[in-house]
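Here is the structure we will look at.
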Amino acid sequence: MKQPSIITPLSNQLQSVNIFEVGPRDGLQNEAALAPEVKVELINQLSTTGLKEIECGAFVSARKIPQMADSDRVFDQINRTNGVTYSALTPNVRGLESALQHHVDHVAVFTSASEGFCQRNINCSISQSLERFTDVIELASKHKIPVRGYLSCVADCPYDGPTEPQQVARLTNEMLNMGCYQVSLGDTIGTATPNRTAHLLSAILADTSPANVAVHFHNTYGQALANIYQSLMMGINTIDSSVAGLGGCPYAQGASGNVATEDVLYLCHGLGLETGVDLEKLVKAGWFICQKLNILPASNVSRALQCNFHT
């Protein structure tokens, strides 16, 4: 049976949007490996754009994710800007202990809303994954380090098919109750559409404040900005995005993955929402890292402005 449409006007209270930049971590871990000095330069450039949150690396197995093997060196070398939070992914206590040694501001843990993806991605059930990062949250709390949660496959799973919104809502609340300050909802394979996003968020926001929820849309099917617009209309004001659209989709060869920060900024600014981010500086940072990777930006905005900003 076809689901009814949900049309919600842009909240009168929503005046600004927080951009959570994931390019140096979630973006680069899906690209060719780069020297740490290049990553440091990217982060330093991003730090001058007005971004307040930059995910810079991951303290994970170098065997599983070799692109993040030098995260310790990256954190040691970046020029930290006051007011900017520099975070890292830390899936276990060992990772968190390393992150603490290198003065990470915030950390993140992750699981999936799909059993199939959880088993294939981190080799355990959803319940086991939650148990695994209980100790991470406890240790981070002792050191007064805020913990963010990532929840993947919130729309569809490449193995299990559609994910029930109530399942996502239940896990979101569970992660928040465990101590995560915010849960980022990941449309991992980029199949969500605005109507489905509306039903998903309706289920979650019935018991959860919009401030505790972020959205992380992939652009595999070109729906990311439409889904972000729907999320903004429903009061979500934290958007995950990746400079230049770094990070392809591993489940659709040749498809784009992370939505480009430049494109999200253009949308938000066009809606009259404050981001505090300088688009021109961000475009330049995107072209810088793409030149190092020998690729073109996946951002439509960046390509449209290349005559002005491409050096």
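Here are some notes:
- A full extension of the chain between R170 and N294 corresponds to an added length of 40.4 nm, given 0.36 nm per residue minus the alpha carbon distance.
- When the pairs K64/K284; K52/K284; K39/K281 are compared against a 28 Å limit on Cα-Cα distance, K64/K284 fall above it.
- Distances between every pair of Cα atoms in the stretch 18-308, grouped in 10 Å steps from 0 to the bin holding the largest one, split as 7, 31, 39, 21, 2, 0 percent.
- Cα gyration tensor category, rounded, prolate or oblate, for the stretch 1-133 with a/c compared to 1.5: oblate
- Taking every full run of DSSP H in the chain, the ones that stretch at least 18 Å from end to end by Cα along their long axis and average -1.0 or higher on the Kyte-Doolittle scale are 165-178, 279-293.
Just so you know, all these numbers are worked out from the coordinates, no wet-lab data involved. The shown structure was predicted, so the numbers you read here are calculated from the model rather than taken from an experiment.
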